[in-house]
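I have placed the structure first, in the form of structure tokens, so that the comments after it can refer back to it.
The values are calculated or read from the model by the stated rules, or taken from the named source; none is laboratory data. Fair warning: this is a prediction, and the values are worked out from it, not measured in the lab. Neighbour counts run over all protein chains shown; Cβ positions are idealised from the backbone, glycine included.
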Amino acid sequence: MRVLVAGATGVIGGRLVPLLTAVGHEVTGLVRPGGDTAALTAAGARVAVADALDRDGLRAAVRQAAPDAVVNMLTAIPAEIDPKRLARDFAATNRLRTEGTANLIDAADGARIIGQGLAYAYQPGEGPADEDAPLWRTGTPRQFAPVLDALVELERLTLRADGLVLRLGHLYGPGSAYAADGSFVRGVRAGKVPLVGGGHAVFSFTHADDVAAAVAAALDKPDVTGVLNVVDDHPAPMSEWLPRLAGILGAPAPKRAPAALARMAVGGWGVAFTTRLRGADNSRARLRLDWRPRYASVTEGFAAELGGGIAAAA
């Protein structure tokens, strides 16, 4: 199958392109002008150069690739994010998720669309959210509101094209904020990531390799459309996984901070991120894609990625 991967040099693209070429797909990686294409060519992929916000240029590049399927992993997320300025830091990604997605679908000219959503945008509530649960429309933190609006538009456009949206958890793996050299891990090593208000937010994580595997599985199942949560098996509260991550890293145990005090440092979104997030249920993706996460829990994944494969402490 001819597959075009938009966002081919990102955290997900770096794992996805080699997998798709390895299983026999003819892959074209879409990169913005000036992007590094060495990894793509090394993986056996072709390269298409275009800015997703340049409608005509993108259309020409995609038409030349003539894909049967287009995988939309377009983002422009900074290596470090200021939670008090989340809307600013996600402004470029929001445009890619709205204008870029519209341009990509138009250029795809009927090819199958697989896009990237978020599985931690659900309205806070009890228990893991399935795909029918509402998104966070009530009491949405101000800085998160434009991010959510862009995600809703991406999903609307993708579903209108009879595509598939993979709602991903907190992304980890090489190149991510949770990698050994990532911004979050550096903060944990330095003892600068506290447990705010008890750390009650429930996180569902997704390893970049699991995203790649889910996309590969979806390409083999063209009748699967709609939205699917592609996350690990065991959502975990921050109060559980953060101390374990610190232990794996040999870092200081996380300090505790009251929400009112933390709000001055990280703003309303920073507090909500650590106290209100809801985990997600992956049962539908496991069933419909015949997919399984590489690591059932993030503590297993962190131990393998960051602790030399030594099992996380119970």
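Of everything listed in (1) part of a loop (DSSP other than H, G, I, E, B); (2) in contact (Cβ under 8 Å) with a residue 60 or more places away in the chain, the single unmet condition for D132 is (2). Within the range 1-23, take every residue that is in a loop (DSSP other than H, G, I, E, B) and among the small types (G, A, S) and give me the one that is surrounded by the most Cβ atoms within 10 Å (Cβ to Cβ). Applying the filter and picking the extreme gives A8.
Filter the range 28-61 down to residues that are within 13 Å of V3 (Cβ to Cβ) and out of contact with any strand residue (DSSP E or B) (no Cβ under 6 Å at 6 or more places or on another chain) and give me whichever is surrounded by the most Cβ atoms within 10 Å (Cβ to Cβ). Among those residues, the one meeting the criterion is A43. Scanning the range 63-84 for residues that are without any contact (Cβ under 8 Å) to a residue 60 or more places away in the chain and either outside any helix (DSSP H, G or I) or out of contact with any Asp or Glu (no Cβ under 8 Å at 6 or more places or on another chain) (or both) turns up Q64, A76, I77, P78, D82. All told, G226 meets the bar of being in contact (Cβ under 8 Å) with a residue 40 or more places away in the chain, out of contact with any strand residue (DSSP E or B) (no Cβ under 6 Å at 6 or more places or on another chain) and over 15 Å from A201 (Cβ atoms).
Among the residues making up the range 24-62, none is closer than 16 Å to G100 by Cβ, part of a strand (DSSP E or B) and among the acidic types (D, E). Only one residue in D209, D223, D233 is touching a Gly at 6+ places or on another chain (Cβ under 8 Å), of a type in the set (D, E, K, R) and at pLDDT 95 or above. Which one? The unique qualifying residue is D209.
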